[in-house]
1. Arrange SER196, SER161 by Cβ neighbour counts within 10 Å, fewest through most, would you?
2. So, R0 is 22 Å and r is the distance between the beta-carbons of SER196 and VAL52; what FRET efficiency does that work out to, to 0.05?
3. Between ARG299 and THR170, 0.36 nm times their residue separation minus their Cα-Cα distance comes to what?
4. In what order do THR295, THR177 fall by count of nearby beta-carbon atoms within 10 Å, going from fewest to most?
5. Would you kindly derive the ³J(HN,Hα) couplings of region 45-52 from the backbone phi angles with the Karplus curve 6.51 cos²θ - 1.76 cosθ + 1.60 (θ = phi - 60°), listing them in order in whole Hz, with x for Gly and Pro?
6. Between PRO148, PRO287, PRO234, find the one with the highest GNM mean-square fluctuation for the chain; connect C-alpha pairs within less than 10 Å.
7. Between region 348-368 and region 32-52, what is the separation of their alpha carbon centroids in Å?
8. Which residues' amide hydrogens lie under 5 Å from the amide hydrogen of THR67, considering only partners 5 or more residues apart or on another chain, with H built in the peptide plane?
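Rule-based calculations on the coordinates, nothing more; no lab input. Source: prediction; values computed, not measured. Every residue, glycine among them, receives a Cβ derived from its backbone with ideal geometry; neighbour counts consider all protein chains shown.
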Amino acid sequence: MQGLTAPPAWAAKAKRTLDAVRAAVAAGTEREFNSHWAEDAVRDLLLGLVGVKCWYCETLIVRADITVDHFRPKSEVLDVPGHPGYWWLAYEVSNYRIACKHCNSGGARYNGVREGRAKGSQFPLIGGTRARTSVDDLNSEQPLLLDPAHPSDPDLLGFDSAGYARRSSTPYSPAETNRGVCRADETIRILALNDSHLVPLRARLIREVTVLARHGDLTDIQQLVDDKVGPEAPYSAAAAMALALHRAVAQPAAAPATAATTPAAAPTTDPARSRVDLHDLLQHLDPDDLKAGITLTGRHEKKVHQAVLNHEGHIDVSGRLWRTPTTAARVATGSNKINGWDFWHLTIGGVEQTLAEFRAQHVPPIALV
């Protein structure tokens, strides 16, 4: 994205508009943004990178408006009172992302129900210092949402064979550990990347790639596979994952290791990981209870919410599985500010406690960065 250069004529026009916005900010008057970002000169530049598909959910945008999202919102920042928006980036090409209507504004509905709040003017941080003026350093911000244009952010998102977006196996960052939040889970929640429309499409594609890859030695078949994993193809990230998994499984099996002569090591607990998800804490719960599902309850604004913790460490909220307590709590309540470790309660041996209290009994505290 940093290498994109706007056409000179467009850049000159955008500069004049930005100068007017800057003057309005200085005078304390109303700002007026001309939507130059929607013009073909810039939009076609962006479409040339990965084709006509949403950069967030990878859905092809066919016979529909192609919107240009400001990754850092230009007019306001939701849930950040008094923030003027990143107005100085309104005409910065590196701040643009191609988005479908659903991801940009939440306009799509599936099965008659709106799924996800959409990105809109949301730009939560997981750490760092928020920029509020044009002279502030954007590199001091640590965005919560995964950025499809960031070199490493897409690697944090994976997919299972059923077509669901999941966090990859990449270790949690210090910022995620400090906040007890998973960036991938929060992105999936806000953009509704596991809605009832996307999941079956991904699942079908994963099956197709897996079957085709078995005959990849045929030239025509290999071309079909290449087309499905190419950057301009819909849901190509899921297709690429399916192909990589097939190739890994197809590798010749390694020679069996010599039988161990020492007892197997006891399960270990990673204190950093246990600040974000429940995986390492399952060993401290009754397996039979987990198999049946452990009920979690939480109260928010005088309403009681329920969820179920399963044997894989996922929290089921209304039929949707979430890896992290905080995202599960935010899905249940609709609030972006809930801490799931304090929100969810479970009962063990007749004693009710929060997940945070349960964790404190079994995981040593760590120094937060």
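1. Working: SER196 11, SER161 14.
The order, fewest Cβ neighbours first, is SER196, SER161.
2. Efficiency, rounded to the nearest 0.05: 0.40.
3. Extra length from ARG299 to THR170 when fully extended: 43.2 nm.
4. Taking fewest neighbouring Cβ atoms as first place, the list is THR295, THR177.
5. Taking θ as phi minus 60°, the curve returns 4, 6, 5, x, 7, 9, x, 8 Hz for region 45-52.
6. With Cα springs under 10 Å in the chain, the top fluctuation among PRO148, PRO287, PRO234 is at PRO287.
7. So the separation of the two Cα centres works out to 50 Å.
8. The answer is ALA99.
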